[in-house]
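Below is the structure I would like to discuss, written out as structure tokens.
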Amino acid sequence: GAVVSQHPSRVICKSGTSVKIECRSLDFQATTMFWYRQFPKKSLMLMATSNEGSKATYEQGVEKDKFLINHASLTLSTLTVTSAHPEDSSFYICSAREVGTGTYNEQFFGPGTRLTVL
Amino acid sequence: DAKTTQPPSMDCAEGRAANLPCNHSTISGNEYVYWYRQIHSQGPQYIIHGLKNNETNEMASLIITEDRKSSTLILPHATLRDTAVYYCIVRVTGNQFYFGTGTSLTVIP
């Protein structure tokens, strides 16, 4: 199946700094990418839908000014956690949907990025 | 909001079939049922999906009831590597996936 990568896999930062996470579709083009957050022993929570060339759509309760999403190309979306605080520590996962696929095709998930804010 | 209900945990003996149920009683006629699994600290892995008919692939079988209000994922011969959290998802319009709480499957030697 299609491969989605994330970089970095782990990041530790100080409170107040910003962290950028990259999500890349390696062998296919993705018009739509999705960002999720997962706290320990909890399910994945959809944060936002990222569309290439347009503004991201955020889920209710997700601060768009804190979680900046850019989808500049068909193979790359980035999530920037601005002014990170310890409560932002989480597992961030992206997924991608291939261009031109029908309505029934699955999303391909990245391996996740573990963010720890000290 | 999640539109599925799954038991929080299940055990299965190695080599036996694992049957994981999912209730999606409010599913609409054009919504697909997807199954993914997540092994600890990894991204979810696609297993199978279906609309109305039963489906089978190299990983699993998906049985959807005639009224589409529930489904069962079947792992025919569970191995220790199948220990994971299994998520049943109903895909809403716009392609967003809203994950429920999933079922934590433990395969016992």
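Got a sec? Which of B:Ser9, B:Ser71, B:Ser61, B:Ser28 is over 14 Å from the mean Cα position of the chain (by Cα) and farther than 23 Å from A:Pro111 by Cβ?
After ruling out the rest, the residue left standing is B:Ser28.
State whether the residues of the range A:38-53 include one that is within 23 Å of B:Ser41 (Cα to Cα), in contact (Cβ under 8 Å) with a residue 60 or more places away in the chain and away from every other protein chain (no Cβ under 12 Å).
No, the range A:38-53 contains no residue that is within 23 Å of B:Ser41 (Cα to Cα), in contact (Cβ under 8 Å) with a residue 60 or more places away in the chain and away from every other protein chain (no Cβ under 12 Å).
Taking interchain pairs and intrachain pairs at least six residues apart, which have beta carbon atoms under 7 angstrom, with the first residue in the range B:55-79 and under 22 Å from B:Ile39 (Cα atoms) and touching a residue at least 24 places away in the same chain (Cβ under 8 Å) and the second among the acidic types (Asp, Glu) and buried (at least 17 other Cβ atoms within 10 Å of the Cβ)?
If the second residue must be among the acidic types (Asp, Glu) and buried (at least 17 other Cβ atoms within 10 Å of the Cβ), the pairs left are B:Leu62/B:Glu55; B:Leu75/B:Asp82.
A further question on this structure: Residue by residue through the range A:75-103, note down the ones that are modelled with pLDDT under 90 and either of a type in the set (D, E, K, R) or at negative phi (or both).
If the condition is that a residue be modelled with pLDDT under 90 and either of a type in the set (D, E, K, R) or at negative phi (or both), then A:Arg97, A:Glu98, A:Val99, A:Thr101, A:Gly102, A:Thr103 are the ones that fit.
Hey, any hits in the range A:6-25 for a residue that's surrounded by fewer than 18 Cβ atoms within 10 Å (Cβ to Cβ), within 13 Å of chain B (Cβ to nearest Cβ) and without any contact (Cβ under 8 Å) to a residue 60 or more places away in the chain?
Looking for residues that are surrounded by fewer than 18 Cβ atoms within 10 Å (Cβ to Cβ), within 13 Å of chain B (Cβ to nearest Cβ) and without any contact (Cβ under 8 Å) to a residue 60 or more places away in the chain, one finds none in the range A:6-25, hence no.
Something else: Yes or no: B:Thr103 buried (at least 19 other Cβ atoms within 10 Å of the Cβ) and either in contact with a His (Cβ under 8 Å, 6 or more places away or on another chain) or without any contact (Cβ under 8 Å) to a residue 40 or more places away in the chain (or both)? Don't jump to the end; show me each part of the working.
Values: buried (at least 19 other Cβ atoms within 10 Å of the Cβ): yes; either in contact with a His (Cβ under 8 Å, 6 or more places away or on another chain) or without any contact (Cβ under 8 Å) to a residue 40 or more places away in the chain (or both): no.
Against the criterion (buried (at least 19 other Cβ atoms within 10 Å of the Cβ) and either in contact with a His (Cβ under 8 Å, 6 or more places away or on another chain) or without any contact (Cβ under 8 Å) to a residue 40 or more places away in the chain (or both)), B:Thr103 does not qualify.
Okay, next question. Among the numbered conditions (1) assigned to a loop (DSSP other than H, G, I, E, B); (2) modelled with pLDDT under 95, tell me where A:Thr32 comes up short.
Every listed condition holds for A:Thr32 apart from (1).
Continuing with this model, one more query. Just name the residue that is farthest from the chain's Cα centre (by Cα) out of those in the range A:10-29 that are under 26 Å from B:Asn95 (Cβ atoms) and either modelled with pLDDT of 95 or more or acidic (Asp, Glu) (or both).
A:Asp27
Counting only residues that are more than 10 Å from A:Arg114 (Cβ to Cβ) and over 10 Å from the mean Cα position of the chain (by Cα), which one in the range A:82-97 is farthest from the other protein chains (Cβ to nearest Cβ)?
Result: A:Ser83.
Considering (1) more than 18 Å from B:Tyr46 (Cα to Cα); (2) touching a residue at least 40 places away in the same chain (Cβ under 8 Å); (3) surrounded by 15 or more Cβ atoms within 10 Å (Cβ to Cβ), say which one A:His85 fails and leave the rest.
Result: A:His85 fails condition (3) only.
The values are calculated or read from the model by the stated rules, or taken from the named source; none is laboratory data. Quantities reported herein were computed from a predicted structural model and do not represent experimental measurements. When we count neighbours, we look across all protein chains shown, and the Cβ atoms used for this are built from the backbone with ideal geometry, even at glycine.
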